[in-house]
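The values are calculated or read from the model by the stated rules, or taken from the named source; none is laboratory data. As the structure is a computational prediction, the values presented were derived from the model and not from experiment. When we count neighbours, we look across all protein chains shown, and the Cβ atoms used for this are built from the backbone with ideal geometry, even at glycine.
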Amino acid sequence: MAKEITPLILEKFQLEKLIRAGNRFFFHFPTEDIKEAEAYIQKSRFIEINQDKVSLFEGEPRKHAFTVYLKNEKNQYRVEFAAIERTEPLEVSKTSEKFSPKYGLRVDVDVATIKELNISEFLVDSFIQNNYKFLEANLVKFIGK
């Protein structure tokens, strides 16, 4: 769809350069329960939960989540990790459990270019596919699942 829409927008506004281009991906890693999803976040070693601080709220952590910002030569990434628990059944298709599990780890990734892009050199499909392949190859290693 982006392949068809992007040229129309660029032509309509007569753009020659893009200051930034980006796209967003959602990945769901199903787990048996919410505790397993939270365990993945805890063992990622990005955050450490201080029980003394938690006890100030007279409770315990629930539905852990954190966001990390990363950058390389070409792109910047906003990556949010969250333990999810779906309370309402979502019937999208027969494979809906794969795309919206009852419990799981959701990884929400925004990818954006750093450098200005010439419209004549920007290939939307390649941009999206390359980002997807990069994330697909690295996310599982990143979360340790």
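Numbers for the structure displayed
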{"quantity": "Looking only at the stretch 8-59, and only at residues there that are of a type in the set (Gly, Ala, Ser) and not in a helix (DSSP H, G or I), the one that is farthest from the chain's Cα centre (by Cα)", "calculated": "59"}
{"quantity": "Any pair with Cβ under 8 angstrom, 6 or more apart, that starts in the stretch 49-61 at a residue that is at pLDDT 75 or above and ends at one that is surrounded by 10 or more Cβ atoms within 10 Å (Cβ to Cβ) and not aliphatic (A, V, I, L, M)", "calculated": "54/61"}
{"quantity": "Residues of the stretch 18-56 satisfying the condition of being closer than 19 Å to residue 111 by Cβ and basic (Lys, Arg)", "calculated": "20, 24"}
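Rundown of residues vs (1) in contact with a helix residue (DSSP H, G or I) (Cβ under 7 Å, 6 or more places away or on another chain); (2) modelled with pLDDT of 90 or more; (3) crowded, with 16+ Cβ neighbours inside 10 Å, yes/no style:
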site	(1), (2), (3)
113	no, yes, yes
121	no, no, no
124	yes, no, yes
135	no, yes, yes
144	yes, no, no
